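Asker: Dropping a structure here in structure tokens format, bear with me for questions.
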Amino acid sequence: MIAALLQECGNKSFAELAAPAIELARSGFPMHAIMHRNLDLSWYERLGMRVLMPSTAEVWFPHGWWQPAQLNQKMTFPDLANSLQNLADAETSALEKGLSREAAIEAMRDYFYHGPIAEQIAEFHRGNGGLLTASDLSNYHGKWEQPVIGHIGDYTFFGNGTWSQGIMEPLVLQMLQPLPLKAMGHNSPEYIHTVTQAIELAMSDRDTYVADSDFVAVPVEVLLSAEYATERRALMTDKAYQAPVQAGEIAHFGGTRQGGQQSSTATPKTLRDSAQFAIGQDTSQISVIDKAGNAVVITPSDFPKSPMLPNTGINLGDRMTQFRLDPEHVNALQPGKRPRITPHSVIVFKDDQFLLAFSTPGGDMQAQALVQVFLNTSVFGMDIQQAISAPRFYSINSPSSFSPHESTAAGLRLELPLYQARAKAMENLGYTVLKDPEWDKDFGAVGGILRSADGKLLVGADPREETTAAAR
């Protein structure tokens, strides 16, 4: 992805762009509050990391697993700095040999996918019962693809393909588009209930029809049509759904149907228990727009829940936990197939002009947070910072995208201000309401760039995590 962006859209070298990251990794920085919260593990969790993932523990607990993480302690990543420098050196060496800029970037990429790093990844998998092989890496190449495009009134949404949940925002908003959301009042009980039901309807459709389009046919046009939204909207009720709502009927498409008959209790208890050892958040995001008006939104993952390749500073990732092991499921595990992951990015146009670029961490909350931020700006007229800072709600009635895919019947999490104001009303609507702190990190960390009516670019940063907004 980075190589393709640099080759086709950039004008700097990888070495130039990586230099600040290399310096930061080598010289270090103080552990910030969110990182500390992620790594604030008990002694037995730290010991478990040391036993299960020793190379990971060495990086995140450099003074020994028995030493708890300390806020503001200096964190350095010399192995990662060396890996980035080796990639930069491969590019520089190619340039010194007279190769073109594009060929030099390809040499940098080859160092990763064909060279020493790929060999280490393959060897690590061989030694630890993993699935990736050297040929998986050498045969892989990212590609440019058409985004998922949804038209909602005057707005056009561009999202990542169906190997992600990039379809979710237009899927939800198409259902909500004709409803009197403004008249309901921002974050009123009726508003929260209506938006939550649209989210849950969309999640069932996502889980029934959406997966890697190289392996399954995905009825994107039908899912995002106004006619289908009308059918789904008709299933909205006055009370909370007490189980995952039934997916829509689209003939000749889809796998195992998601709906009220599904129960996460079917997951073996050993798998459910093993999933409880989860360390911190694992996604970050960047939204940027240059002086020429080119916008890029990236939502990379992963954090220390997966093994780190020894002496490289590179995490191997754990996104295959978002596959399903039901062979009839559209998102079933298959060789060469991409799991339908939660990280995705969104760019919105209005009247054929750039309006908004945004994304967020947060698993299944990602689309929910972005829908709420978009509605805050488009329906309630908030500026981008107000829209991001406003309290949020979080439906957990649908099966989680992460193994073991658990859910809470009629579950609705509310940040503290919403809980204090709306908990009783939502309980009266049938929800199982859970209280979360104000600006809780589980509710996303949205970063966004919004073009105002007078053409200015406004940026917003989420107070829920270490999000930064800047312009120059």
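The values are calculated or read from the model by the stated rules, or taken from the named source; none is laboratory data. These numbers come from a predicted model, not from an experiment. Note: ideal-geometry Cβ built from the backbone for every residue, glycine included; neighbour counts use all protein chains shown. The area values use the complete protein model at the heavy-atom level, side chains included, leaving out ligands, DNA and RNA. Shrake-Rupley method; radii C 1.70, N 1.55, O 1.52, S 1.80 Å.
Asker: Roll a 1.4 angstrom probe over the protein heavy atoms and tell me the percent of accessible area of the stretch 38-141 that is carbon or sulfur.
Answerer: Solvent-exposed carbon and sulfur of the stretch 38-141 make up 55 percent of the total.
Asker: Still on this structure, please answer the following. Which of the lysines could a cross-linker bridge to residue 291, judged by Cα under 24 Å and excluding same-chain residues fewer than eight apart?
Answerer: Cα-Cα hits under 24 Å: 12, 350, 456.
Asker: Give the Cα extents of the stretch 1-143 along the principal axes, in whole Å, largest first.
Answerer: 53, 35, 24
Asker: While we're on this one: Straight-line reach from residue 239: which lysines have a Cα under 25 Å away, not including same-chain ones fewer than 8 places off?
Answerer: The reachable lysines, counting only those whose Cα sits under 25 Å from residue 239, are 182, 424, 435.
Asker: Report the Cα centroid-to-centroid distance between the stretch 365-385 and the stretch 58-100 in angstrom, as an integer.
Answerer: 36
Asker: Could you point to the label whose value was computed as mean projected area of the Cα convex hull in nm² for the structure here, given [x] 22.7; [y] 21.3; [z] 24.0?
Answerer: Step by step, mean projected area of the Cα convex hull in nm² for this structure corresponds to label [x].
Asker: Now for a different question. How high is the FRET efficiency from residue 468 to residue 11, r the C-beta distance, R0 22 Å, rounded to 0.05?
Answerer: Taking R0 as 22 Å, the efficiency between residue 468 and residue 11 is 0.35.
Asker: Taking H as built 1.01 Å from N, whose amide H comes closer than 5 Å to the amide H of residue 314, not counting residues under 5 places away?
Answerer: Sorted by chain and number, the residues that satisfy this are 309.
Asker: Something else about it: What is the Cα coordinate range of the stretch 326-366 on the first, second and third principal axes, sorted by size from largest, in whole angstrom?
Answerer: 42, 22, 16
Asker: Please compute the modelled spin-label separation between residue 298 and residue 383, points set 7 Å along Cα→Cβ, answer in nm with one decimal.
Answerer: 2.9
Asker: As an exercise, use a Förster radius of 60 Å and the Cβ-Cβ distance of residue 131 and residue 235 to find the FRET efficiency, rounded to the nearest 0.05.
Answerer: Numbers: r = 39 Å, r/R0 = 0.65.
The pair residue 131/residue 235 has a calculated efficiency of 0.95.
Asker: When the Kirkwood radius is taken over all Cα pairs of the stretch 146-216, what Stokes-Einstein diffusion coefficient follows at 25 °C and 0.890 mPa s, in µm²/s?
Answerer: In µm²/s, the coefficient rounds to 187.
Asker: According to a simple spin-label model (label point 7 Å from Cα along Cα-to-Cβ), what is the distance in nm between residue 43 and residue 151?
Answerer: My value for the distance between the label points is 6.4 nm.
Asker: Give me the tail of P(r) for the stretch 358-465 as a percent: Cα-Cα pairs with distance above 19 Å.
Answerer: Numbers: 2682 of 5778 pairs.
Looking at the stretch 358-465, the distances longer than 19 Å represent 46 percent of pairs.
Asker: Can you compute the helix-only [θ] at 222 nm over the chain? Use -39500 (n - 2.57) per DSSP H run of at least 4 residues, normalise by all residues, nearest 500 deg cm²/dmol.
Answerer: Numbers: 18 runs with 180 residues, N = 472.
When only DSSP H runs of four or more count, the value is -11000 deg cm²/dmol.
Asker: On to the next question. Output wanted: per-residue J couplings in Hz (rounded whole) for the stretch 311-326, from phi through Karplus 6.51 cos²θ - 1.76 cosθ + 1.60, θ = phi - 60°, x for Gly and Pro.
Answerer: With coefficients 6.51, -1.76 and 1.60, one gets 6, 10, x, 9, 7, 7, x, 9, 5, 5, 5, 8, 6, 10, 9, 6 Hz.
Asker: Which residue, chosen from 388, 414, 362, occupies the Cα position most advanced towards the positive end of the dipole of the stretch 343-431, where the dipole is computed from +1 (Lys, Arg) and -1 (Asp, Glu) charges on Cβ about the Cα centre?
Answerer: Positive-end residue among those listed: 414.
Asker: Now a separate question. Can you tell which of 157, 220, 181 lies farthest toward the positive end of the dipole of the stretch 154-229, using +1 and -1 charges on the Cβ of basic and acidic side chains (Lys, Arg; Asp, Glu)?
Answerer: About the Cα centre, the residue reaching furthest to the positive side is 181.
Asker: Can you compute the label reach from residue 427? Point 7 Å from Cα along the Cβ direction, backbone N cut-off under 13 Å, restricted to the stretch 403-420.
Answerer: Inside the label zone: 419-420.
Asker: Can you tell me which of 288-301, 346-359 comes out highest on packing, and rank the rest after it, using the mean Cβ neighbours within 10 Å? Write down the numbers at each step before the final one.
Answerer: Working: 288-301: 14.4, 346-359: 19.8.
Descending mean neighbour count gives 346-359, 288-301.
Asker: Still on this model: What residues qualify as long-range amide H neighbours of residue 394, i.e. H under 5 Å apart, gap of 5 or more or another chain, H built at 1.01 Å from N?
Answerer: Amide H to amide H, under 5 Å and 5 or more residues apart or across chains, residue 394 pairs with 413.
Asker: OK, next. Across the stretch 235-250, in residue order, what do the Karplus-derived ³J(HN,Hα) couplings come to in whole Hz, using 6.51 cos²θ - 1.76 cosθ + 1.60 with θ = phi - 60° and x for Gly and Pro?
Answerer: Each residue's phi maps through the Karplus curve to give 8, 5, 10, 6, 10, 5, 5, 8, 7, x, 6, 5, 5, x, 9, 10 Hz.
Asker: If you take every residue apart from residue 390 with its C-beta less than 12 Å away from the C-beta of residue 390, what net charge results, scoring Lys and Arg +1 and Asp and Glu -1?
Answerer: Here the charged neighbours net out to -2.
Asker: Under 25 Å from the Cα of residue 337, which lysines turn up, not counting those fewer than eight places away in the same chain?
Answerer: Reachable lysines: 143, 305.
Asker: Over the stretch 320-472, give the accessible area per residue in Å² for a 1.4 Å probe, as an integer.
Answerer: Accessible surface, normalised per residue, equals 40 Å².
Asker: With an 8 Å Cα cut-off and a minimum separation of 6 or more residues, compute the relative contact order for the stretch 328-437 in percent.
Answerer: 15
Asker: Extension gain residue 352-residue 177, at 0.36 nm per residue separation less the Cα-Cα distance, in nm?
Answerer: Gain in length upon complete extension: 61.2 nm.
Asker: Which residues' amide hydrogens lie under 5 Å from the amide hydrogen of residue 447, considering only partners 5 or more residues apart or on another chain, with H built in the peptide plane?
Answerer: For residue 447, the qualifying residues are 359.
Asker: Give, rounded to the nearest 20 debye, the magnitude of the charge dipole that the chain has about its Cα centre when Lys and Arg contribute +1 at Cβ and Asp and Glu contribute -1 at Cβ. Display every interim value, and only then the final one.
Answerer: Values: 37 positive and 52 negative charges, 143 e Å.
Dipole size: approximately 680 debye.
Asker: Here is a follow-up. Could you pull out the trypsin sites (Lys or Arg not before Pro) across the stretch 60-140 that fall in loop regions by DSSP (anything but H, G, I, E, B) with no more than 12 other Cβ atoms inside 10 Å? Intermediate values should be presented prior to the final figure.
Answerer: Working: sites: 74, 97, 101, 109, 126; in loops: 97.
Passing sites in the stretch 60-140 are 97.
Asker: Which one, 75, 128, 98, is farthest towards the positive end of the dipole of the stretch 75-153 when Lys and Arg carry +1 and Asp and Glu -1 on their Cβ?
Answerer: My answer, from the dipole projection, is 128.
Asker: Got the relative contact order for the chain handy, in percent, Cα pairs under 8 Å and 6 or more residues apart?
Answerer: Details: 853 pairs, mean separation 67.9, N = 472.
14 percent.
Asker: Continuing with this model, one more query. How large is ³J(HN,Hα), in whole Hz, for each residue of the stretch 186-197 in order, when computed from phi with the Karplus curve 6.51 cos²θ - 1.76 cosθ + 1.60 and θ = phi - 60°, using x for Gly and Pro?
Answerer: 4, 6, 6, x, 5, 5, 4, 4, 5, 5, 4, 5
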